[in-house]
Structure formats: structure tokens, C-alpha cells
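Notes for the one structure printed next.
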Amino acid sequence: MAEYPGLGEVSGKRVLVRSDLNVPLDGEVGAKVITDDGRIRASVPTISALAAAGARVVVTAHLGRPKGAPDPAYSLAPVAARLGELLGSPVAFATDTVGASAQQVVSALADGEVALLENVRFNAGETSKDEAERGAFADELAALADAFVSDGFGVVHRKQASVYDVAQRLPHAMGGLVAAEIDVLRRLTVTPERPYVVVLGGSKVSDKLGVIDNLLEKADKLLIGGGMVFTFLAAQGHGVGQSLLEEDQIGTCRDYLERAAASGVQILLPTDIVVADSFGDEASARVVPADAIPETTLGLDIGPESGAAFAAALGDAATVFWNGPMGVFEVAAFAEGTRAVADALTRVRGLSVVGGGDSAAAVRSLGFDEAAFGHISTGGGASLEYLEGKELPGITVLEGN
């Protein structure tokens, strides 16, 4: 017998797999090039396991944010080609999601073969807030399959047709990628080994409010970098020049600093900042004290002193969660803070988790070996919502029955 965990015998059955294949593309329509295939590679083990068990694998996924209608700029055609290369066998590509092409491609599958449907978000029903409209589209998706495997962790925080509603219509199971992600996140939130250090970066404090609020009760140290740090510096009374600043969050950051001090959690902010008069590859960068940012400059990275201090703070950690780069890592002059944190994570003796999104992209673009990290998440938003303590619809629907 050829079984898949949670589904039993799958040989000869059509199994719909919701993967996360939302990869960055570059170039003109019709000649798009994938610039980071990390999510495609992460999807391969589950698809391969189902194919090896004799399933007729039907993969559905989204790319970008089309407006509920076909848009050639967001076609999954380049992804189908790359997925076939990684699987070592051709992947049939349907030029629609539930229409004539999809039905023809799926009906032509033999046991162990794989097909990819066109961008699921080309259909308004996928993301509709109207449950009847979303359900009607889910009915069409479910009609293509005998069972469903949820393996797109990057979308499990969304109540969407291919994530939530299809699972209510078909026998379903959690894919290996989603199961691994949930296991890691539980280790970060239920009984983390200590010392537990959280590193947060990225552009906005407002994107991380729930995470900071929840993790202030759980972490031993919180290291803050990226654009969000300037709102914290402003909360301490420092000028931040032309740097990114959320004035409406200054009071919130001040509250976080006071709460941390009262509860014994160490919040570590940069002591030096890399600034420039303008943003871009040609910008002239220099290092200034974090409490003396010139009025005409903008901060674009944590400085070398801060990078070393952050690395030292990670030195004895048993558990680390990192989400958000320390600076504009895409530009070499502003990448060293992110590099310092990533390098320190490779030396963590316990569990090191790179929390998806820009952090995962930075690890790859800066040339680090992914195997050097305990876990690289494929879902930044989903990871953050889990760490906020929120329920993820795409997980609760799998666990509900």
C-alpha cells in the first residue's frame, strides 16, 4: 500500500496540494525570471512524497496580488518549469485554475504525475469575504480532487478558498512543511529553552505590535533593529533625522520599554547607526551614534558596534527567533548589520529560527548556507500571527475534524 500520513492510501487518487509558491520574479511578461526559489524548494518534499505514493498530484498556489482576474504578470508558468526541474520530472501546467484547461490537465494525469494550476488568485472567489462566493469557488476546486493536503504555510493565516474552505469539502491532511512550521512555532511559544532571544527588524513597529506585546511575556532579550528602531529611539527622546518614524507609535514604544524594564526583559537597541544623505547604491554612508543622528540624514542600518553587541547577545542563546532585516540589506553599504545577525544565528547552540519574509531572503542573498540555521520559515506573516497568539484559520480547519 502507498499511504500518506493522515490520508491513508493515495495511490491513484487525485490529491489537491495547496503550496506556497509566491516567489519573486524579475523581467518582462513572458520572460520572467525567478530571483529566489526558496519557497519552491520548500514545497518539493511533500509533492515528491505524494507522487512517490502514487497520487495524482494537483498543486494550487498564488503569486503576487492580482485583482481576482487573470493577469499575465502574475502567471505561475515560470514556477511550473522550475518545479519540474526540482522534481526531476515534467510538471503539467493548466492555463486556468478550475476551467477547461485545469479539468483537461487533471484528467490526463497518471499515477505519480504532478500538475500545477494557474494562479488561484486569478479567481475572485479565492479571497472573497463573501462566504457563498468563496464557497462556490471552493466547490470547483474540490471537484478536481479526492483529497486535500495543506502545505502552504505562508497562507494559513488567511481564510481563503484554497486554504480554508476546500479543507471542509475533502478528506484532508497537513503537509510536511506546515507540520514542521507548527512544531517549530510551538517550541518558540510553549516551552522555549532559555535564554530565549528575539530579534526584530523590518521597517515598521506597527507590523510587529502584537508580536512584541506577546513576546515581552516570554523572551529574555529583545533586540531591535531595522527601520522600526527609530520609533524606539524617538521614544527615548532622541532625534532621528529623516529616518523612518511612526510618530503615532512613539507612546507605544515607550510603554514597551517601561514594561520590559519592570519585568526584567532586556530590550537592546543599537548604539550606532549607518546613515546617508539619501537612499540608493550611490549613497555615501557613514556611522554616527544612535543618539546623535544628523537632522539631514536617514538611518539605513545598525552600525558595526551594534552588530557586534547583537552578536554577543545571541552568543549564549538556547532559542532565537529572528524576523526582519537590520537595514536595507539589498544595498551593500547597508547590509552589514543583517549579516552580523545572520552570522551569529549560525553559531547558536540551540534552536535558531529565521522567520520568513525578508529575513529568509536576506539569508539567501547574503550567501549563507541555509543548513546552518535550525529552521527557515516560509511564512513571515503566518509566523508573526502565530507568535501573537492568534488562531490561524488554515490550521484550525485541519485540526477541527
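The values are calculated or read from the model by the stated rules, or taken from the named source; none is laboratory data. Predicted, not measured: the structure shown is a model, and the values here were computed from it. For neighbour counting, all protein chains shown are included, and Cβ atoms are generated from backbone atoms with ideal geometry for every residue, glycine included.
If Ala219 passes every condition in (1) surrounded by fewer than 18 Cβ atoms within 10 Å (Cβ to Cβ); (2) of a type in the set (Gly, Ala, Ser); (3) under 21 Å from Leu351 (Cα atoms) but one, which one does it miss?
Single failed check for Ala219: (1).
Of the residues Leu177, Leu200, only one is crowded, with 21+ Cβ neighbours inside 10 Å and either under 30 Å from Leu269 (Cβ atoms) or in contact with a strand residue (DSSP E or B) (Cβ under 9 Å, 6 or more places away or on another chain) (or both); which?
Leu200
Could you list, in sequence order, the residues of region 383-392 that are within 15 Å of the chain's Cα centre (by Cα) and farther than 14 Å from Phe321 by Cα?
The answer is Leu392, and nothing else.
Please state which of the following conditions Glu388 fails to meet, knowing it meets all the rest: (1) surrounded by 21 or more Cβ atoms within 10 Å (Cβ to Cβ); (2) under 18 Å from Asp207 (Cα atoms).
(1) is the only condition that Glu388 fails.
Output the number of residues of region 304-325 satisfying the condition of being of a type outside the set (S, T, N, Q), farther than 24 Å from Glu193 by Cβ and surrounded by 24 or more Cβ atoms within 10 Å (Cβ to Cβ).
The qualifying residues number 2.
Return the total of residues in region 5-19 being within 26 Å of the chain's Cα centre (by Cα) and either over 22 Å from Thr97 (Cα atoms) or not in a loop (DSSP other than H, G, I, E, B) (or both).
Summing the residues that are within 26 Å of the chain's Cα centre (by Cα) and either over 22 Å from Thr97 (Cα atoms) or not in a loop (DSSP other than H, G, I, E, B) (or both) in region 5-19 gives 6.
Please indicate, with yes or no, whether at least one residue in region 117-133 is surrounded by 24 or more Cβ atoms within 10 Å (Cβ to Cβ), part of a helix (DSSP H, G or I), touching a residue at least 60 places away in the same chain (Cβ under 8 Å) and out of contact with any Phe, Trp or Tyr (no Cβ under 8 Å at 6 or more places or on another chain).
Yes; the residues of region 117-133 include at least one that is surrounded by 24 or more Cβ atoms within 10 Å (Cβ to Cβ), part of a helix (DSSP H, G or I), touching a residue at least 60 places away in the same chain (Cβ under 8 Å) and out of contact with any Phe, Trp or Tyr (no Cβ under 8 Å at 6 or more places or on another chain).
Restricting to region 294-317, name every residue that is in contact (Cβ under 8 Å) with a residue 60 or more places away in the chain, among the aliphatic types (A, V, I, L, M) and either touching a Pro at 6+ places or on another chain (Cβ under 6 Å) or farther than 18 Å from Ala219 by Cα (or both).
Ile302, Ala317 - these are the residues of region 294-317 that are in contact (Cβ under 8 Å) with a residue 60 or more places away in the chain, among the aliphatic types (A, V, I, L, M) and either touching a Pro at 6+ places or on another chain (Cβ under 6 Å) or farther than 18 Å from Ala219 by Cα (or both).
Farther than 19 Å from Gln160 by Cα, more than 25 Å from the chain's Cα centre (by Cα) and among the β-branched types (Val, Ile, Thr) - does that describe any residue in region 54-63?
Within region 54-63 (the criterion being farther than 19 Å from Gln160 by Cα, more than 25 Å from the chain's Cα centre (by Cα) and among the β-branched types (Val, Ile, Thr)), the answer is no, since none of the residues qualifies.
Kindly provide the set of residues from region 64-76 that are more than 22 Å from the chain's Cα centre (by Cα) and either part of a helix (DSSP H, G or I) or crowded, with 23+ Cβ neighbours inside 10 Å (or both), ordered by number.
Matches in region 64-76: Pro72 only.
Can you tell me which residue in region 20-54 is surrounded by the fewest Cβ atoms within 10 Å (Cβ to Cβ), limited to those that are of a type in the set (Gly, Ala, Ser), at pLDDT 95 or above and in a helix (DSSP H, G or I)?
Ala52
For Ser243, only one of the following conditions fails: (1) surrounded by 20 or more Cβ atoms within 10 Å (Cβ to Cβ); (2) within 16 Å of Met326 (Cβ to Cβ). What is its number?
All conditions are met except number (1).
Going through Asp291, Asp281, Asp316 one at a time, which residue ends up being closer than 19 Å to Val353 by Cα, in a loop (DSSP other than H, G, I, E, B) and among the charged types (D, E, K, R)?
Exactly one of Asp291, Asp281, Asp316 is closer than 19 Å to Val353 by Cα, in a loop (DSSP other than H, G, I, E, B) and among the charged types (D, E, K, R), namely Asp316.
Being at pLDDT 95 or above and closer than 17 Å to Ser383 by Cβ is true for just one of Leu222, Leu215, Leu233, Leu257. Which residue is that?
After applying the criteria, what remains is Leu222.
Give all pairs with beta carbons closer than 7 Å in which a residue from region 134-148 that is part of a helix (DSSP H, G or I) meets a residue that is among the hydrophobic types (A, V, I, L, M, F, W, C) and at pLDDT below 95; count only pairs at least 6 apart in sequence or on separate chains.
That search, which allows pairs on different chains as well, returns nothing.
Scan region 87-100 for residues that are outside any loop (DSSP other than H, G, I, E, B) and surrounded by 15 or more Cβ atoms within 10 Å (Cβ to Cβ) and report the count.
Residues in region 87-100 being outside any loop (DSSP other than H, G, I, E, B) and surrounded by 15 or more Cβ atoms within 10 Å (Cβ to Cβ): 4 in total.
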